[in-house]
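Student: What follows is a structure written as structure tokens; I'll ask about it next.
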Amino acid sequence: MVQDNMQTTKKGTQIQTAALPWRTRANGRLEILLVTSRDTQQWLLPKGWPMRGHSLAEAAAIEAFEEGGVEGRVDRRPIGSFDYIKSQVPRGRRAIKIVVHPLAVTKVRANWPERLERKRKWFSFRKAAKAVSSEALAELILDCKKKLSRA
């Protein structure tokens, strides 16, 4: 997605938005959808830059569809955020704050825009926390499960 609505924190850190797509299986177990990054094939949440004319939550839902082929009800209230170091050519490394919005998945599409560029996989929350490379994201995933389990 083209970055057309740059947002930053008070300290000047750029902001991205992410969806945490989740569903409840027939047996009552909660699952989370992770997608792979294009470059490193690491498991992560669907994420992207803010989009002009859309809230961060709406942009997160759009990214979830584009990167993971899922649609659903996105929570306007973020579940949390985490810091990430983004490496891009030619910009180099830079700090990004990723604001995460839970997305209760209602549809899983067989065809989606980035299906040839990424893999997607449903994980238990515990296994998803182990699959991601960021400790901060792993903690956020486990915290989200606690909140969803209470709801």
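The values are calculated or read from the model by the stated rules, or taken from the named source; none is laboratory data. None of the values given here were measured: they were computed from a predicted structure. Using ideal geometry, Cβ is built from the backbone for each residue, glycine included, and neighbour counts are taken over all protein chains shown.
Student: Has the range 63-85 got at least one residue that is more than 13 Å from residue 18 (Cβ to Cβ), of a type in the set (Val, Ile, Thr) and touching a Gly at 6+ places or on another chain (Cβ under 6 Å)?
Tutor: no
Student: Moving on to the next point. Where in the range 1-83 are there strands (runs of 3 or more DSSP E), lying wholly inside it, with at least 3 residues that are of a type outside the set (S, T, N, Q) and modelled with pLDDT under 95? Show your work before the answer.
Tutor: Working: elements: 14-24, 30-36, 70-74.
Result: empty, no element qualifies.
Student: Considering only residues that are at pLDDT 95 or above and surrounded by fewer than 15 Cβ atoms within 10 Å (Cβ to Cβ), which ones fall in the range 125-134? I'd like the intermediate steps shown before the answer.
Tutor: Taking the range 125-134 and keeping what is at pLDDT 95 or above, we get 125-132.
Hits for the range 125-134 are 126, 130.
Student: Here's another thing I want to ask about it. Among the numbered criteria (1) touching an Asp or Glu at 6+ places or on another chain (Cβ under 9 Å); (2) closer than 24 Å to residue 136 by Cβ; (3) among the hydroxyl-bearing types (Ser, Thr, Tyr), which one does residue 55 miss?
Tutor: Single failed check for residue 55: (1).
Quick grid of which residues meet (1) surrounded by 19 or more Cβ atoms within 10 Å (Cβ to Cβ); (2) farther than 23 Å from residue 146 by Cα; (3) not hydroxyl-bearing (Ser, Thr, Tyr):
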| site | (1), (2), (3) |
| --- | --- |
| 16 | yes, yes, yes |
| 19 | yes, no, yes |
| 33 | yes, no, yes |
| 50 | yes, yes, yes |
| 54 | no, yes, yes |
| 86 | no, yes, yes |
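Student: OK, next. Six or more apart or on different chains, Cβ under 6 Å: which pairs go from a residue in the range 105-123 that's at positive phi and surrounded by 12 or more Cβ atoms within 10 Å (Cβ to Cβ) to one that's acidic (Asp, Glu) and assigned to a loop (DSSP other than H, G, I, E, B)? Could you list them?
Tutor: Final answer for the pair search is none.
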